[in-house]
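Single-structure report; data block below.
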Amino acid sequence: FFHIKDYQGAHVVLMKDNPTDEEKELASELAIYASKKDIGEVQIAKIKTIKKGHFAGQVIFSNYETVLIKKIDERIKEGVKSSSRFSF
C-alpha cells in the first residue's frame, strides 16, 4: 500500500509479495503523480498493517516506511496518460 504522506490523494496497491526496489519506487512515484504532486514523501505499508480511520478514505498505519520522491519517471506519466489502468 503506497500513499502520499500528510496529504489527501490516491493510494496504490502493489499486488506482489516481494516487490523489487525499482517496483516500490515506481509505485511510490505513481502515488505522488496520481495525487497531483511532483515531489513528496510516500508511506509504504503492507495491507495487513492498515486499518480504516474515522473519516471516509482515512487509513491508519501501524507499521510503515517512508521514501522521498524527487522526480517522476516518464514511464509513470506516459502510462497514466495512455490508460486508465496499467501495470509495470
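The values are calculated or read from the model by the stated rules, or taken from the named source; none is laboratory data. Since the structure is predicted, the reported quantities are computational estimates derived from the model, not experimental observations. Positions of Cβ are generated from backbone atoms using ideal geometry, with glycine treated the same way; all protein chains shown enter the neighbour counts. Please note that ligands, DNA and RNA were not included when accessible areas were found on the heavy atoms of the full protein model with its side chains. Shrake-Rupley method; radii C 1.70, N 1.55, O 1.52, S 1.80 Å.
Inside region 3-42, can you point out the residues that are among the hydroxyl-bearing types (S, T, Y) and not in a helix (DSSP H, G or I)?
Hits for region 3-42 are Y7, T20, S35.
For G79, are the conditions met, namely being surrounded by 11 or more Cβ atoms within 10 Å (Cβ to Cβ) and of a type in the set (G, A, S)?
yes
Tell me, yes or no, whether region 46-53 has at least one residue that is in a strand (DSSP E or B) and in contact (Cβ under 8 Å) with a residue 60 or more places away in the chain.
No, the conditions are met nowhere in region 46-53.
Return a yes/no flag: does region 43-50 have any residue that is modelled with pLDDT of 90 or more, touching a helix residue (DSSP H, G or I) at 6+ places or on another chain (Cβ under 6 Å) and open to solvent by 70 Å² or more (accessible area, probe 1.4 Å).
Within region 43-50 (the criterion being modelled with pLDDT of 90 or more, touching a helix residue (DSSP H, G or I) at 6+ places or on another chain (Cβ under 6 Å) and open to solvent by 70 Å² or more (accessible area, probe 1.4 Å)), the answer is no, since none of the residues qualifies.
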